[in-house]
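Just below is one structure, and these are the notes that go with it.
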Amino acid sequence: MTQPVSFSLVAGEASGDLLAGLLLGGLHKQWPDMHSAGIGGPRMAQHGFQAWWPYEKLAVRGYVEVLRHYREIVNIRAQLKQRLLANPPSAFIGVDAPDFNLDLERDLKAAGIPAVHFVCPSIWAWRVLSLMGMLATLRGAPSEAPRKFDRLGYSLLVVCVLMLQLAIDRGQQLDWFDSPEIVLEVSIGLIAGYMFVVHSMSTERPLFAGGLRRDRNLVLGVAMSVLVGWPFMGSMVLLPQFLQEVQGYTVASAGVLMAPRGIGLILSMLVLSRVGSSIDLRAAFAFGCVMNTMGLLAFAWLPADVPADVLTGWLLLQGMGLGLIFVPLNTLTFITLPAEYRTEGAALMVLSRNLGSSLGVAMLVRGISTDAGANFDRLREIAHVPAADDLSSFAWILQMAHREALVIAYSNQYVLLALMPAILLPFVWLMRRNVTTGTLSGPSDRPVPRDEVLH
């Protein structure tokens, strides 16, 4: 008697569950009586898949989360391997999750069990390509760097950024400063940041050249980049959620509706590339702040059932305002900076903008969650709910109250976002304007001090 076909699959996250579900659908057409089991989720279960463990056991993110669940994940892989060796399937299919699946596939192949990896592990390919690119780029570099690399400063900066990013990533999950872990991570990050600043100001050869902090435009630009990243990424997160949760748009429709924002960004950048050399970029930045503030306030004041064509106009205005913010800010930041410092200055700009974006998104998501819950409780207290004949009517009333609570929460966060460009507006006038507006200064002719040479 022919043994029925059986497959063992492992999917480590929601996207893997979706892809494996589609794969199982095709396999069932080929072998209607097949059996499948392993690690998966609801999409796979729709095709008769027997989940020995849910995929959530493997879907961990962040260093702390991985370390916390490392022993459990290793035990799951050992139990799965033992189970498959004791009762071999017709084939094993690993769906993505390369860190879990690749070693397991190798062991199963060694035991004579066919194993297939479904979905190319792109992260491993990028690791190899990145290493090859670094080797090719660094080949032929001088054996001695012009300036000794500041290992202590680099280590302090890495600890600062790592700890703060961990706190931002896990804050919502752990209820922020009510969690000892978040308090510890933020404390370590702030202490490391303070030590980095003190070390950079006291050492002869700091990680970043000393000339950077003496350029007023760069210092202001780096500080302003933190607040620029906040409304940019914040609105990118808020609006799709608002369209889906409140207005009922699908994911695809919400994505299409966001397109005018990108179009406005492109248009304003194209215009600035033509006229930027003949205007005061500080005025262009200020005008962009006003446009962005108006666009963000519109979403705070518009009704929840506003039509799509009205949203399109305000999104276009937002995008044009962002273009008038980014281009002038970047230009003004580097316009007075000598050419030999611009690489390090650009790194500082990107770092500050990314930290501002991460912090802004985390604060906004927390604000919506907290605000919506408080608004719902308040609405439930003050509303006079009539007696409902059935539970469905009562559920509908609660649903409407929840929707209204979300609308208020989103409006409050949009008002907060609108304040960020308004706060930036006066500071741009503290930046120096170059004699020839819109053109970058060339390399300086002055001798570069030994402690300020790029490394």
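Brief remarks on what is shown
- Those aspartates and glutamates that a straight Cα-Cα span of less than 12 Å connects to K148, excepting residues fewer than 8 apart in one chain: E204, D451, E452
- For segment 14-30, the Karplus equation 6.51 cos²θ - 1.76 cosθ + 1.60, evaluated at θ = phi - 60°, returns couplings of 5, 5, x, 4, 5, 5, 5, x, 5, 5, 5, x, x, 5, 5, 5, 7 Hz by residue, with Gly and Pro reported as x.
- Across segment 40-53, rounded Karplus estimates of 3J(HN,Hα) from the backbone phi angles (6.51 cos²θ - 1.76 cosθ + 1.60, θ = phi - 60°) give x, x, x, 5, 6, 5, 4, 10, x, 6, 9, 8, 6, 9 Hz, Gly and Pro being marked x.
- Database remark: amide H of S36 closer than 5 angstrom to the amide H of F7, Q50 (H placed geometrically; neighbours at sequence offset of 5 or more, or on other chains; Pro and chain starts carry no H).
- Less than 5 angstrom separates the built amide H of F118 from those of G94, V95, D96, all sequence-distant by 5 or more or on a different chain.
- For segment 234-313: rounded, prolate or oblate by the Cα gyration tensor [a/c cutoff 1.5]: prolate
- For segment 157-257: rounded, prolate or oblate by the Cα gyration tensor [a/c cutoff 1.5]: oblate
- Summing charges over all other residues whose Cβ lies under 15 Å from the Cβ of W429, with Lys and Arg as +1 and Asp and Glu as -1, gives +3.
- Here L257 sits with roughly 20 square angstrom of accessible surface, probe radius 1.4 Å.
- Counting heavy atoms of the protein chains alone, K57 has an accessible area of about 80 Å² for a 1.4 Å probe.
- Three-way shape call for segment 261-375 based on the alpha-carbon gyration tensor, with the a/c threshold at 1.5: oblate
- Largest to smallest in accessible area, the residues E72, E344, E204, E245 fall in the order E204, E245, E72, E344 (1.4 Å probe, all protein chains included).
- Average accessible surface for segment 237-328: 44 Å² per residue, computed with a 1.4 Å probe over protein heavy atoms with every protein chain in place.
- Electrostatic tally near P88: other residues with Cβ closer than 15 Å to its Cβ, Lys and Arg +1, Asp and Glu -1, net +1.
- For segment 332-379, with all protein chains in place and a probe radius of 1.4 Å, 65% of the accessible heavy-atom surface sits on carbon or sulfur.
The values are calculated or read from the model by the stated rules, or taken from the named source; none is laboratory data. If you're wondering where the values come from, they're calculated on a predicted model, not measured in any experiment. Neighbour counts run over all protein chains shown; Cβ positions are idealised from the backbone, glycine included. Just so you know, the surface numbers come from the protein's heavy atoms only, side chains and all, with ligands and any DNA or RNA stripped out. Shrake-Rupley method; radii C 1.70, N 1.55, O 1.52, S 1.80 Å.
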